[in-house]
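Remarks on the structure that follows.
The values are calculated or read from the model by the stated rules, or taken from the named source; none is laboratory data. Everything numeric in this text was worked out from a predicted model, so none of it was measured. Cβ: placed from backbone, ideal geometry, glycine included. Neighbour counts: every protein chain shown.
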Amino acid sequence: MKMMTKAESQKVCYFCSNDIKTIDYKNVILLRKYINTVGKIAPKKKSGNCSKHQRMVAQAIKRARIIGLLPFVAK
Ligand SMILES: [Zn+2]
């Protein structure tokens, strides 16, 4: 298993540090940062978000997928 550096393990939640309370599912530029090349939602460990905001991001991405802003599976 790969050892984590101190900087990686102490990542601060982007939404907490910027005091963002709601995540707009139409904000594709922001949501794109939390999906990988295959179109999967980044896990909490990778995104560095707290549980609350990770759930909000996941929900926003799912909504964006339904209305066609984000891909379910990237080609
Ligand atoms: Zn947070």
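Quick look at the numbers
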quantity	calculated
Pair list, Cβ under 6 Å, 6 or more apart: the stretch 12-32 residue in contact (Cβ under 8 Å) with a residue 12 or more places away in the chain and within 24 Å of residue 68 (Cα to Cα), other residue assigned to a loop (DSSP other than H, G, I, E, B) and of a type outside the set (Gly, Ala, Ser)	28/69
Qualifying residue in the stretch 49-58 (condition: away from the ligand (no atom under 14 Å from the Cβ) and modelled with pLDDT of 95 or more)	no
Of all residues making up the stretch 28-75, the number that are part of a helix (DSSP H, G or I) and touching a Pro at 6+ places or on another chain (Cβ under 9 Å)	2
Some residue of the stretch 59-74 being at positive phi and more than 10 Å from the ligand (Cβ to nearest atom)	yes
Qualifying residues in the stretch 21-35 (those that are more than 10 Å from the chain's Cα centre (by Cα) and among the basic types (Lys, Arg)) - the one surrounded by the most Cβ atoms within 10 Å (Cβ to Cβ)	26
